[in-house]
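To keep things clear, I will list the structure first and then write my remarks on it.
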Amino acid sequence: MSTAAATSREILIATIADLLDGVRTVAVGASSPIPAAGAMLLRARSESSGRDPVRVIVLGSREHNFFTNGAFELFDATAQGRIDAFFLGGGQIDGQANINLVGTGDYPASPVRWPGSFGSAFMYYLVPRVILFREEHSPRVLVDKVDFVSAPGASERIYRSGGPHALLTGLALFGFDKQRKRFCLRSVHRGSSAKEIRAATGFDYDVPEQVPFTPEPDAETLALLRGRVTDELAECYPQFAETLVADRAA
């Protein structure tokens, strides 16, 4: 097993596992290899330490998905309160945790179009722990105000059991204050700085007096990640699993 220092993606995966700590069932979309790896790492850590088992659902996987009807069953399980955590991203994410999956510019004449909202609003309203994830961290993605609200981060006078728990990017980790509807910088990843994060972020947010570095995975976590988790990822994300191996070699 490699003893090299954690790669940037391994730090993201370990951070996701930490953010998921305590959940029993986590669902991941079909095109989300880093969140899937984080969920699998949480499951592996829980089993190795004798804690309560974690159920991981990766849409599109045969090995890590007990659903037989895809997203329809996911929505049904969510409505029943059986999904504890989920991941959402967006072409744009703003400072109130609104996400845009439709496109840029004035809808419907959007000059740039993305795949669409699908069930993002439904999941955002109902899943207790939604983690926003986008590896790119730039003013192009993290904007002051999204051009189209696919799913709102906060709601007025509407009961919702779900909502944003955190925002994780390739440079930093933010927490979200649901009462104030505002992000707060929690940590920066190795190689980044609070000044760099401010310059790369299009929305305003709170910053503590001392901004820590994001904790890096310990030796036991790296062993699980580089062994069991990479093997499990190869079933549903073979190219990404190869990329993780290549990153470590580099």
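The values are calculated or read from the model by the stated rules, or taken from the named source; none is laboratory data. Note that the structure is predicted; figures quoted are calculated from it, not measured. Heads up, the Cβs are rebuilt from the backbone with ideal geometry, glycines too, and the neighbour counts pull from every protein chain shown. Keep in mind that these areas ignore ligands, DNA and RNA; they rest on the heavy atoms of the full protein, side chains included. Shrake-Rupley method; radii C 1.70, N 1.55, O 1.52, S 1.80 Å.
Of all DSSP beta bridges confined to the chain, the antiparallel ones make up roughly 45%.
For segment 115-201, DSSP calls about 65 percent of its internal beta bridges antiparallel. Using a cutoff of 8 angstrom between alpha carbon atoms and counting only pairs six or more residues apart, the relative contact order for segment 1-80 works out to 26 percent.
Accessible area per residue for segment 90-218, computed on protein heavy atoms with a 1.4 Å probe, is 50 Å². Mean sequence separation of contacting Cα pairs (under 8 Å, at least six apart), scaled by the length of the chain, corresponds to a relative contact order of 21 percent.
If I compute solvent accessible area with a 1.4 Å probe over the protein chains, what percent of it on the chain is carbon and sulfur? Kindly include the intermediate steps, with their values, before the conclusion.
Numbers: 6090 of 11970 Å².
Ligands and nucleic acids excluded, carbon and sulfur give 51 percent.
Exposed loop sites here mean trypsin sites (Lys or Arg not before Pro) with a DSSP loop assignment and at most 10 other beta-carbon atoms within 10 Å; the chain contains its longest site-free run at 63-156. Taking the Cα atoms of the chain, the ratio Rg/Rh between the radius of gyration and the Kirkwood radius comes to 0.95.
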